[in-house]
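Please treat every number below as a calculation from the coordinates, not as lab data. Here the structure is a predicted model, which is why all the values come from computation and not from measurement. Neighbour counts are summed over all protein chains in view; Cβ atoms, including those assigned to glycine, are modelled from backbone coordinates with ideal geometry.
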Amino acid sequence: MIKILIVAPYPVIREGLKSLLIQHQDLQVSGEARFLSDALSQIRAQAPDVVLFDLEQLDDENGVSEILRTAPITKILALGESAEDARVVNALAAGAKGYLARNASAEEMGHAIRAAHAGMLVLDSAAAAALLARTRPLSETEMVEPLTERELDVLRLMARGLPNKQIASELVITEHTVKFHISAILGKLQAANRTEAVSMALQQGLIAL
């Protein structure tokens with residue numbers, strides 16, 4: 001059973017989400033919160049697996065970071081009205097596992113929560129396109145040096161949303177080596193984080209989904 005905490009400012013949003021999630025037997029809404037302070041208290045008490053975090057709560061841009069500081073292994077899935085919202089990028093950069101539109105279907109919501117819980121990056125098509133559009137293009141001449149074949153292998157698995165442990169298993173290398181390759185990838189692509197590195201690589205055609 002995946003325990004879920006809903007953090008949204010308006011009752012209509014929280015009730016709508018609960019009506020979607022109740023359709024899934026493996027998902028359980030363990031609590032709901034209107035404000036970040038309430039959410040942090042419930043996270044400490046209940047240890048939810050996934051937090052559905054409405055972007056309206058990101059007026060405090062440290063919201064996602066605060067949750068992860070309180071519960072580092074909790075997965076956060078951001079929800080919003082539009083993928084064009086600049087706060088989508090902020091949430092992903094802060095550590096959210098993905099973004100989904102509020103009007104997603106019950107099936108889409110269930111799939112996204114399960115994927116985020118498994119450690120995968122979750123982006124609907126609109127969010128993926130918006131993220132790519134916001135990413136600064138990087139030409140080959142701007143790159144410090146080309147990516148090696150092994151770094152490209154790691155990057156392809158990063159694009160699938162796999163955590164370091166699974167990447168290591170797939171490539172039959174150690175997690176330490178995976179971290180070394182990711183550090184090199186970020187440096188060569190001049191990317192701030194994994195999400196940005198994957199976006200830049202996709203945009204430049206270095207990898208494909």
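Each helix, a run of at least 4 DSSP H residues, gives -39500 (n - 2.57); summed and divided by the residues of the chain, these come to -15000 deg cm²/dmol at 222 nm. A Gaussian network model of the chain, with springs between Cα atoms under 10 Å, assigns the largest mean-square fluctuation among ARG34, ARG150, ARG114 to ARG150. With one equal scatterer per alpha carbon and no solvent term, the Debye-computed log10 I(q)/I(0) for region 149-203 at 0.15, 0.20, 0.29 1/Å reads -0.34, -0.60, -1.25. In this calculation the C-beta distance from GLU107 to TYR10 is compared with R0 = 22 Å, giving a FRET efficiency of 0.40. Restricting the GluC sites (Glu not before Pro) of region 1-65 to loop positions (DSSP other than H, G, I, E, B) with no more than 16 neighbouring Cβ atoms within 10 Å leaves GLU61.
Each Cα pair under 8 Å and six or more residues apart adds its separation to the average, and for region 2-133 the resulting relative contact order is 23 percent.
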